[in-house]
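Below is one structure; the comments refer to it alone.
What follows draws every value from the coordinates through simple rules; no lab data is involved. Note that the coordinates shown come from a computational prediction; the quantities given were computed from them, not determined experimentally. Methodologically, a virtual Cβ is constructed for each residue, glycine included, from the backbone with ideal geometry; neighbour enumeration extends over all protein chains shown.
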Amino acid sequence: MITIDPVAHALIPVDSAAATELGAPNYDEFQSDEEVWSLLQLRPHSVLRVTMPHCHVATAAEIGDEEDPETLWRATTAMATLIAEPLTREVRNILWVYQITDPRDPSIRQIGLGGMGRTDEIRTTEHPNGTIIRNEGIRESKVKGRARLTEATRCDMGTVNNVVDDASGEFQAALEAHAAATAPTFETSDELGNHHKVWIVDAPEAIERLRMLLAAEARAYVADGNHRSAAAAMLGYKNFLTVFFPAKTMHIAPYNRLVKTPAAKAAVLTALNDQFTVEAMDGNAAFQPTETHQIGMYDGSRWWKLTPKPGTFDPDDAAQNIDADIVQRLIFDRIFGIADARDDRLTYVGANRNAEWLQEEVDADRFDFAFTLAPVTMRQFIDVCLQDKLMPPKSTWFVPKIRSGLVMALLG
């Protein structure tokens with residue numbers, strides 16, 4: 001059973017124009033603090049002034065430390081301004097229907113139900129029967145950072161993306177029927193052109209009907225926001241801000257890697273032949289694989305296609321069957337000596353940057369190698385969850401991304 005509770009006290013944009021002013025990518029979609037700062041210069045009213053307060057400064061040179069007490073003070077001040085300014089209004093006891101579409105791709109229509117999930121339903125070692133299944137390791141320092149920010153601002157605005165099976169399609173049909181029957185409360189587009197619509201649901205009978213449909217789901221899977229949900233649990237909160245999306249509406253894009261290493265390129269190619277079939281790619285076009293177990297590598301001279309040889313991974317182990325795990329074990333650890341996926345020599349690049357961008361980073365000598373991976377399939381993702389295993393770090397990039405600042409839960 002999955003429980004969704006209404007948001008008791010929420011802060012939302014007053015209209016679509018305000019949603020455009022306030023909305024922002026989640027903090028983990030940026031490659032650097034400088035990117036956050038640059039976006040704040042273009043849209044100073046965005047919620048990044050609260051979610052990334054160390055970047056809410058006059059010049060890039062003044063970007064501070066996330067853990068600095070002054071940073072939390074800046075976030076608290078920005079939150080008070082956000083509540084008081086005419087861009088926002090307060091509502092109570094609401095759920096919301098949330099739709100994200102990509103106008104360039106009519107097949108992408110991600111629709112879900114937003115509200116408050118329950119922390120006691122998250123599956124952990126202490127709660128092995130929890131029905132909300134995490135599949136990614138948690139970095140305690142990152143959780144503490146989000147927890148400090150939530151506690152200081154008395155606001156939960158880091159929405160967790162959860163997936164449910166919805167095998168019957170009834171949940172999705174109800175959400176689409178609601179969206180078709182009423183005009184959205186507000187709508188906006190993001191930096192990538194994706195369109196976001198929100199329908200605030202405040203009628204008690206509609207809330208109860210949607211809650212009952214979700215309660216019929218046996219389990220949910222955390223797609224984005226493991227650290228955000230963990231922060232709520234760390235603080236002892238009963239609930240965390242979330243949207244539950246039917247699996248059939250979800251899309252996973254590639255999650256690639258850049259590497260800094262002194263390893264000689266010729267020696268790397270020789271070592272790769274032990275575990276992979278190595279093929280040189282024709283021409284100069286960047287290579288972004290689309291098939292599982294095809295891996296792209298750029299060494300500054302050309303692109304190569306790497307295919308893991310039989311026996312290098314266990315196909316019955318859902319986590320080992322993920323290409324990110326194969327690359328980490330057989331290349332980063334075995335050849336480069338980078339055993340820890342959190343090593344600073346590794347940079348993870350989501351699908352908001354393409355393979356051409358990775359090639360340019362290597363050509364500019366900022367990195368030595370680029371690795372491109374096919375997107376994880378939804379079946380692979382769910383299989384890892386059902387085996388109670390962890391996804392390799394930074395292996396799933398769900399698109400389109402939930403927009404921060406459209407619905408915020410006030411906790412005070």
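Table for the structure above
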read-out: Packing-based exposure ordering (other Cβ within 10 Å, fewest first) of Asp344, Asp5; value: Asp344, Asp5
read-out: Mean Cα-pair separation over length for the chain, i.e. relative contact order, pairs under 8 Å, 6 or more apart, %; value: 24
read-out: Tyr348, Tyr255 arranged by Cβ crowding within 10 Å, fewest neighbours leading; value: Tyr348, Tyr255
read-out: Per-residue Cβ neighbour rank within 10 angstrom, fewest leading, Thr125, Thr131, Thr182; value: Thr125, Thr182, Thr131
read-out: Dipole of the range 256-395, positive end: most advanced residue of Ala374, Ile326, Thr347 [Cβ charges, Cα centre]; value: Thr347
read-out: Within the range 236-337: Cβ-based charge dipole about Cα centre, in debye rounded to nearest 20 (Lys, Arg +1; Asp, Glu -1); value: 400
read-out: For Gly130, net neighbour charge (Lys/Arg +1, Asp/Glu -1) across residues whose Cβ lies under 10 Å away; value: +1
read-out: Nearest-ten-degree value, helix 170-181 long axis tilted from longest Cα axis of the chain; value: 60
read-out: Zero-based 5 Å bins, Cα pair distances in the range 369-412, whole percents; value: 5, 14, 19, 17, 13, 13, 12, 4, 2, 0
read-out: Positive-pole candidate from Gly300, Gln288, Thr249, dipole of the range 249-309, charges at beta carbon; value: Gly300
read-out: Too-long pairs where the Cα-Cα distance tops 25 Å, listed order kept, from Lys305/Lys394; Lys260/Lys305; Lys142/Lys309; Lys309/Lys394; value: Lys142/Lys309
read-out: Cα centre as origin, Lys/Arg/Asp/Glu Cβ charges: the chain dipole, Debye; value: 420
read-out: Amide hydrogen neighbours beyond the local backbone of Thr185, cut-off 5 Å, H modeled; value: Val198, Trp199, Ile200
read-out: Furthest towards positive pole of dipole, Pro262, Gln275, Ile335, structure part the range 256-395, Cβ charges; value: Pro262
read-out: For the range 91-107, Karplus couplings with θ = phi - 60° (6.51, -1.76, 1.60), whole Hz, Gly/Pro x; value: 10, 10, 6, 10, 10, 8, 8, 10, 10, 10, 10, 10, x, 7, 9, x, 6
